[in-house]
Structure formats: structure tokens, C-alpha cells
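Trainee: This is the structure, below, for whatever I ask next.
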Amino acid sequence: MEEFNSLSPSPSGFQANRLAPEELKNAAHRARKRAIAAHQLASASQSRFLYETGGWSSLFEQYRSASSDSDTNCESIDTTERPVANPVILVPAPALENSSNNSSQTGSHSSQDEPSKPMTDSANQVLCPSGRPEMGNSVILGVVEGSVEAPRVAYLTESVPVTEENLVLSAPVNPTEIFRMASRCMSNGCQHFDGHACRLAQRIVEQLPTVVEALPDCQIRPSCRWWQQEGAAACLRCPQMVTENHYSSEIMQQVATPT
């Protein structure tokens, strides 16, 4: 895949890549390599960037010790200390409506018996396009491709529900390092929400360059918080966003920092 400087204007006519759902496994394999390289570069340069995640613990410690392909250098990845440059930073909040799918203290499902269902079917459902699997009822909308320095999301032609089978594809890194997921917008439960708007979406539009010149073929657009709030300006910048990136530029860290 051709690489682009994330701070340069987008090449004429450049469009976001598309992936069929059956390509998810191979795409995840490529994305995992990129994420591992990001860890290694971050470790070498000591450019660690840590965010306080408000007490939401990961549900996926068990996946980090899962076996992976032979060309994955698992021993080089420190899985006990994970600096996060994560656009979605949740804060402890009272139980929200339909909170049976979430816990503000642990981020875990309160019921293990009911399978997770995509939330994109509801016309009234507002979705965060950079969600996390522990937020519940999430779908995978894209896979992070490109280079370590200039990641680019390839959008799935059909959203894929988040399942354990899909999450283990990321081991030994976190699912949010290789996937872009959509989850229910937490509104006041997120540090980026100021009570009226998503400040992250505003900073993306104000501070980042466009990286495509045509709207990505995104399956969640009608329900997307960024689209509803900022329109096409957010979509043209969306492919460069990685929910959890261990090697990100100074401007990207600035954008990801809650204000």
C-alpha cells in the first residue's frame, strides 16, 4: 500500500481502501504487524504517551497471551504497560439507559448469556466511530493499514460484529490497535463530550489535514456522531485515526488529548 505523510495534503483523487468481510482475517494479520512495529518504535524512542482511562479496565487480558503466527515477535511486546493515545476516553458515570450491556467501573458485560448485537440498525442510535469493545454491542467498521508513521483505515464493505473470534486476531496487541470499531456514543460518559458536542470531532476537523478526497465507503455514516456533527470534513480526515496508537505524531497526540 502506498504510504503518505499524515501532515501533507492528500494526493489528488486518493480514496480510502475497502475490504470485504471475508478479507478481515488477512487484513488483521497485516494490521497486527504494523501495531507491533509501532510498539517497537515507541519503545526504542521512549515516546510513550499515557492517558488516564477513568477506571475502565480491559476485558481482553486473556487474549494478549494467545498464540500468534510464527512471524509475530510476541516477546518484544510489553503487554503489562500499554501507553495509549486513545480518542475515546471514558469517565466513571452513573448507570446509563440500557446499561445492562455496560459497567462504568469495569467496562464488562453484565450478562454473558446474550450475544452482542450490532447497534447500527437503529435510526436513533448515535455511534462513536472510534469505540472500544468493552463499551458493548460494538461493530468493526475498518482495519488499520498503511505504515506506522501514516496509518490508514481500510473500511469494511459490511460492518462485522465484535466477537471473541475476531478479537483474538489482534493478539498479542490490543484489538483497538488494529481495528476501528463503532460503539454507542457515551455522550457525557466520555471526556471528549462537553455536554453539547464531541470536542474530539471538532479538533480533528480543526487541526488535521484531509487524507482522502472522496467520502470513505463507511457503513455507519448515517448514525456516526462525527458525521452528524461535522459532516464531510470529519469523514475526509477519519482514515488517519487509530483508536489506540503507541507511536503517534505530536499533532495526533494533541488532537487526542481531551480539552
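The values are calculated or read from the model by the stated rules, or taken from the named source; none is laboratory data. The structure displayed is predicted, hence computed values, not measured ones. Cβ: placed from backbone, ideal geometry, glycine included. Neighbour counts: every protein chain shown.
Trainee: Select from region 12-43 the residues that are outside any helix (DSSP H, G or I) and of a type outside the set (K, R) and write down the one among them that is nearest to G142 (Cα to Cα).
Mentor: First pass over region 12-43, keeping only residues outside any helix (DSSP H, G or I): 12-20.
Retained after the next criterion (residues that are of a type outside the set (K, R)): 12-17, 19-20.
On the way: S12: 23, G13: 20, F14: 17, Q15: 14, A16: 10, N17: 9, L19: 8, A20: 10 Å.
The extreme case among them is L19.
Trainee: Then there's this: Check off (1) at pLDDT 95 or above; (2) touching a Cys at 6+ places or on another chain (Cβ under 9 Å) for C190 and give me the number that stays unchecked.
Mentor: It fails just one condition, (1).
Trainee: Could you tell me whether region 196-208 includes any residue that is in a loop (DSSP other than H, G, I, E, B), over 24 Å from E145 (Cα atoms) and out of contact with any His (no Cβ under 7 Å at 6 or more places or on another chain)?
Mentor: yes
Trainee: Is it fair to say E158 is acidic (D, E) and under 20 Å from C235 (Cβ atoms)?
Mentor: Details: acidic (D, E): yes; under 20 Å from C235 (Cβ atoms): yes.
So E158 passes the test.
Trainee: Under 6 Å between Cβ atoms, at least 6 apart or on separate chains: pull out the pairs that start in region 144-165 with a residue that is on the phi > 0 side of the Ramachandran plot and end on any residue that is modelled with pLDDT of 95 or more.
Mentor: Matching pairs, first to second residue: G146/R152.
Trainee: Provide a single number: the residues in region 209-228 that are in contact (Cβ under 8 Å) with a residue 40 or more places away in the chain and either among the hydroxyl-bearing types (S, T, Y) or not in a helix (DSSP H, G or I) (or both).
Mentor: Qualifying residue count for the region: 13.
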